[in-house]
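Heads up, the thing below is written out as structure tokens.
The values are calculated or read from the model by the stated rules, or taken from the named source; none is laboratory data. On a predicted model such as this, the values are computed, not experimentally measured, just so you know. When we count neighbours, we look across all protein chains shown, and the Cβ atoms used for this are built from the backbone with ideal geometry, even at glycine.
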Ligand SMILES: [Zn+2]
């Protein structure tokens, strides 16, 4: 048997969903060991491999690009947190009737919840522009 050598273009034509540069993670449900793999080339990978932590079966998670689309961050001030509250309020305000009347109360509830989230170490997310 001969190896089927492919050019970069031929690999692209095959439309592998797992592309060079992506990562995937194998996670073992038994010992919880996680191993991160980088795709040096486009192609397919096994659904499961032997776990090098316990010898059990480690399962492939979804393959993802390494290019993030959002990030997690910790606001630096109350003012910044209030801006996040304003955004959250704008996103939900159409769900409420008599918003003119209740707007301030709803904002106060959101702020309270976000401060609680912040104080317990919770991060906030933002899209990468
Ligand atoms: Zn394991």
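Inside the stretch 29-88, can you point out the residues that are within 10 Å of the ligand (Cβ to nearest atom) and either touching a residue at least 40 places away in the same chain (Cβ under 8 Å) or not in a strand (DSSP E or B) (or both)?
29, 30, 31, 32, 33, 51, 52, 53, 54, 55, 56, listed by residue number.
In a strand (DSSP E or B) and either more than 16 Å from the ligand (Cβ to nearest atom) or at pLDDT 95 or above (or both): which single residue out of 26, 16 fits that description?
Of the residues listed, the single one that is in a strand (DSSP E or B) and either more than 16 Å from the ligand (Cβ to nearest atom) or at pLDDT 95 or above (or both) is 26.
Which ones in the stretch 1-18 are closer than 12 Å to residue 41 by Cβ and under 28 Å from the mean Cα position of the chain (by Cα)?
11, 12, 14, 16, 18
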